[in-house]
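S.K.: The structure under discussion is supplied below as structure tokens; questions concerning it will follow.
The values are calculated or read from the model by the stated rules, or taken from the named source; none is laboratory data. None of these values were measured; they are calculated from a predicted model. Please note: Cβ atoms are built from the backbone with ideal geometry, for glycine as well, and neighbour counts cover all protein chains shown. Accessible surface is based on the protein model in full, side chains and every heavy atom, while ligands, DNA and RNA are left aside. Shrake-Rupley method; radii C 1.70, N 1.55, O 1.52, S 1.80 Å.
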Amino acid sequence: EAGRSLYDFIWNEFCDWYIELSKARLYDKENVRPRKVAQYVLGYVLEHTLRLLHPFMPFITEEIWQHIPHEGKSIMVADWPTGEEAKLDDASEVEMTTIMETIKAIRNMRAEVNAAPSKKTEVILHLSDESLTDVFAKNSGYLETLASAKNVTILAKDDAKPENATVTVVNGMEVYLLLKDLIDGEKERERIAKEKIQMEKEISRLEGKLSNQGFLAKAPEAVVAKEKEKLEEYKQKQQALLEREEFLKTL
């Protein structure tokens, strides 16, 4: 359980989030203090994490530890890290969890519409809790670097919601992405046309196979069932393409 918790922290918090979030400050040559703070926190967390990881991975942790700033001759005799309640910041944790969940939601929406990674989009937030306004105002840069946002707009509670946008809800907050920023309508229509032709060919092939009495008589039941499943799957994909085609007409 200790190993699992440590693994989750290293990958899902330190690597996936903190290192990525800190890059803007690390590469900022003008603002020295924020860069130094990020460097200190990265070094502190890495060094202490190596100590926690040492019982599980003794040799590689020693090797890495010897190559970073440290005190003492060996990680084997370094003090075991202890919790420091004074360094806990519940308010910041809640704020950053909200930012992280919003970034994940935006990434998921972009993936659903096959948006190119390089294509940036305006992000519009409709906040149910106005206390989050300051949170997003001071952390909007993270949405721009990690969620490909080119602008973050915060709507007041009574403001009109955007049209022709994809939306998701995060902790009661509505997150909108304008579709015109995400989708190249012409290229998407071309892609759908090609996929429709491919789907029609596969459906025709499978329908012909499943109407062949010779095949049905000789093939094992499991094989026939598998082919029927494939046919149903292709028909569902075909329907999804037709719906997508209709949707693009609204843009």
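S.K.: Measuring from the lowest to the highest alpha carbon on each principal axis, how far does the stretch 66-119 reach, largest first, in angstroms?
M.R.: Sorted largest first, the three principal extents are 54, 30, 14 Å.
S.K.: Over 10 Å intervals from 0, what percent of Cα-Cα pairs in the stretch 91-131 sits in each interval?
M.R.: 23, 48, 24, 5
S.K.: Counting only DSSP beta bridges with both residues in the chain, tell me the antiparallel percent, nearest 5. Can you show the working numbers first?
M.R.: Details: 10 of 16 bridges.
If I count the DSSP bridges inside the chain, around 60 percent turn out antiparallel.
S.K.: At 0.36 nm per residue, and after removing the present C-alpha to C-alpha distance, how many nm does the segment from K36 to Q198 gain when stretched out fully? Could the numbers behind the result be given before it?
M.R.: Values: separation 162, 0.36 × 162 = 58.32 nm, distance 5.53 nm.
Using 0.36 nm per residue and subtracting the Cα-Cα distance, I get 52.8 nm.
S.K.: So if I average 1/r over every pair of distinct C-alpha atoms in the stretch 7-96 and take the inverse, what Kirkwood radius in Å does that give? List each step's numbers first, then the result.
M.R.: Details: mean 1/r = 0.0681 Å⁻¹.
Kirkwood hydrodynamic radius for the stretch 7-96: 14.7 Å.
S.K.: Can you tell me the Rg and the Dmax, both Å, for the Cα atoms in the stretch 90-161?
M.R.: My reading of the Cα-based Rg and Dmax gives 12.4, 36 Å.
S.K.: How much accessible surface area, in Å² rounded to 10, belongs to the heavy atoms of V224 with a 1.4 Å probe?
M.R.: For V224, the solvent-accessible surface is approximately 20 Å².
S.K.: Apply the Karplus curve 6.51 cos²θ - 1.76 cosθ + 1.60, θ = phi - 60°, to the phi angles in the stretch 92-99 and return the couplings in whole Hz, x for Gly and Pro.
M.R.: Values per residue, Gly and Pro as x: 5, 5, 5, 4, 5, 4, 4, 5 Hz.
S.K.: List, in order, the whole-Hz ³J(HN,Hα) value for each residue of the stretch 55-71 obtained from phi through the Karplus relation with A = 6.51, B = -1.76, C = 1.60 and θ = phi - 60°; use x for Gly and Pro.
M.R.: Using θ = phi - 60°, the values come out as x, 8, 9, x, 7, 5, 5, 4, 4, 5, 4, 5, 9, 10, x, 7, 10 Hz.
S.K.: Something else about it: Summarise the accessible area of the chain (1.4 Å probe, protein heavy atoms) by the percent that is carbon and sulfur. Walk me through the numbers before you get to the answer.
M.R.: Values: 8860 of 16540 Å².
Roughly 54 percent, rounded to a whole number.
S.K.: Right, another one. With viscosity set to 0.692 mPa s at 37 °C, what whole-number translational diffusion coefficient in µm²/s follows for the chain from Stokes-Einstein and a Kirkwood radius over Cα pairs?
M.R.: On the way: Rh = 23.1 Å.
Value of D from the Cα-based Kirkwood radius: 142 µm²/s.
S.K.: Which pairs break 30 Å Cα to Cα here: K36/K157; K120/K228; K23/K120; K194/K226?
M.R.: Numbers: K36/K157 38 Å; K120/K228 41 Å; K23/K120 19 Å; K194/K226 25 Å.
Listed pairs above 30 Å: K36/K157; K120/K228.
S.K.: Gain in length, K138 to R107, computed as 0.36 nm per residue apart minus the alpha-carbon separation, to one decimal in nm? Display every interim value, and only then the final one.
M.R.: On the way: separation 31, 0.36 × 31 = 11.16 nm, distance 2.03 nm.
My answer for the length gained is 9.1 nm.
S.K.: Dividing the Cα radius of gyration by the Kirkwood radius, what Rg/Rh value follows for the stretch 68-189? Can you show the working numbers first?
M.R.: On the way: Rg = 19.6 Å, Rh = 16.8 Å.
Using only Cα positions, Rg/Rh for the stretch 68-189 is 1.17.
S.K.: Continuing with this model, one more query. Counting each DSSP H run of 4 or more residues in the chain as -39500 (n - 2.57), what helix-only mean residue ellipticity at 222 nm follows after dividing by all residues, to the nearest 500 deg cm²/dmol? All intermediate terms of the calculation are to be shown ahead of the outcome.
M.R.: Details: 10 runs with 147 residues, N = 251.
Estimated from H runs of four or more residues: -19000 deg cm²/dmol.
S.K.: So for the pair A156, S5, with labels modelled 7 Å out along Cα→Cβ, what separation do we get in nm?
M.R.: Going by the 7 Å Cα→Cβ label model, 4.7 nm.
S.K.: While we're here: I'd like to check one number: the per residue accessible area of the stretch 1-149, probe 1.4 Å, reported in Å² as a whole number. Before the final figure, lay out the partial values.
M.R.: Working: 9720 Å² over 149 residues.
Ligands and nucleic acids excluded, the figure is 65 Å² per residue.
S.K.: While we're on this one: Where does each of W11, W80 land when they are ordered by accessible area, with a 1.4 Å probe and the largest first?
M.R.: Details: W11 130, W80 150 Å².
Ranked list, largest accessible area first: W80, W11.
S.K.: Pull up all non-local amide H partners of V170: gap of 5 or more, or a different chain, and H-to-H distance under 5 Å with H placed in the peptide plane.
M.R.: V175
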